[in-house]
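The structure appears right after this line, and notes come after that.
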Amino acid sequence: MRVVENPYYPGMTIIEGVDRIDFHCKRCGGCCRYRGDITLFPQDIPRIAKHLGLKSGDDFLQNYAEKVFIKGKPTFYKYVIKAKSDNLKTCILYDEEKKACKIHEAKPPACFFFPFVTNDYRKIDSECVIEDAPCIQESELGKGKKLIEYVKANPLYEEEFDIRMRFERLFVELKVKQFSHMNEALYSAISKRLFEGYSITDGKKEVEERLNDAEEWAIFI
Ligand code: SF4
Ligand code: SF4
């Protein structure tokens, strides 16, 4: 077991080399504070909108999410879940009275996977990376569930794995491409197609069609 710096969150640490964890959430709400950074994958948008009983994906985006501009370009963006304006920057979807997430069954992967840190759980069967959050200190490492067992308990995330990976690959590719006035319209079309205009569906088929279009358009950048 190794405790190392988290490459994505300077000042925080992660635990590597653990095969399983006996973790039970105490519902303290700690991981829903200091937020405003939970990334929404395209398929999260129609799914969460449906879960909240909203009319459309855009209804969800307007009320619960905000745009994050990539490379500082207003035409290339993704969405994250908003934080409330309280001092603790509590996630807008945290219910203080019930001490619970309002979209628990439909929450984005960053929240579902906690305390595991991964975007490629299918490759990891013997060793996991665990976030070194204060609540982990009461958990037994080396006992309990493996990451893969944890994921299989909720097939939603496993079913969607391929399209999440396609989206990540496309975004990484778009980030490294040269941004110019010539291709601004394509970046804008791709961002819109991936995130906006969703009807209320289970998301998967519609997201696949949108990803096909976005991947095709990206070839011309
Ligand atoms: S910080 Fe840990 S114990 Fe608290 S709500 Fe999050 S997962 Fe549960
Ligand atoms: S979506 Fe739910 S679990 Fe995730 S940070 Fe917000 S309230 Fe917490």
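Would you pick out the residues in region 8-36 that are within 16 Å of ligand 1 (Cβ to nearest atom), closer than 23 Å to Glu158 by Cα and part of a loop (DSSP other than H, G, I, E, B)?
Selection gives Phe23, His24, Cys25.
Taking region 176-198, which residues are of a type outside the set (S, T, N, Q) and either without any contact (Cβ under 8 Å) to a residue 24 or more places away in the chain or closer than 17 Å to Leu40 by Cβ (or both)?
Correct list: Val176, His181, Met182, Ile190, Lys192, Arg193, Leu194, Phe195, Glu196, Gly197, Tyr198.
Residues are listed down the side, and each one gets a yes or a no for (1) out of contact with any strand residue (DSSP E or B) (no Cβ under 6 Å at 6 or more places or on another chain); (2) surrounded by fewer than 14 Cβ atoms within 10 Å (Cβ to Cβ); (3) at pLDDT 95 or above:
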residue: Cys31; (1), (2), (3): yes, no, no
residue: Tyr34; (1), (2), (3): yes, yes, no
residue: Pro46; (1), (2), (3): yes, no, no
residue: Lys55; (1), (2), (3): yes, yes, no
residue: Gly72; (1), (2), (3): yes, yes, no
residue: Thr75; (1), (2), (3): yes, no, no
residue: Lys82; (1), (2), (3): no, no, yes
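What tally of residues in region 73-96 results from selecting those that are in a strand (DSSP E or B) and near ligand 2 (Cβ under 10 Å from one of its atoms)?
Qualifying residue count, region 73-96: 5.
Residues in region 43-63: is at least one among the hydroxyl-bearing types (Ser, Thr, Tyr), outside any helix (DSSP H, G or I), within 16 Å of ligand 1 (Cβ to nearest atom) and farther than 25 Å from Gly142 by Cα?
no
Here's a check for you: in region 116-132, which residue that is in a loop (DSSP other than H, G, I, E, B) and modelled with pLDDT under 85 is nearest to ligand 1 (Cβ to nearest atom)?
Result: Val117.
Out of the residues in region 97-112 that are assigned to a loop (DSSP other than H, G, I, E, B) and without any contact (Cβ under 8 Å) to a residue 24 or more places away in the chain, which is surrounded by the most Cβ atoms within 10 Å (Cβ to Cβ)?
Only one residue tops the list, namely Lys98.
Are there any pairs with C-beta distances below 6 angstrom linking a residue in region 9-38 that is of a type in the set (D, E, K, R) to a residue that is near ligand 2 (Cβ under 10 Å from one of its atoms), with the two at least 6 apart or on different chains, and if so which?
Arg33/Thr90; Arg35/Ala83; Arg35/Cys91
When you scan region 180-212, how many residues do you find that are part of a helix (DSSP H, G or I) and surrounded by 14 or more Cβ atoms within 10 Å (Cβ to Cβ)?
The number of residues fulfilling the criteria is 18.
The values are calculated or read from the model by the stated rules, or taken from the named source; none is laboratory data. Since the structure is predicted, the reported quantities are computational estimates derived from the model, not experimental observations. Reconstructed Cβ throughout: ideal geometry from the backbone, glycine too, with neighbour counts over all protein chains shown.
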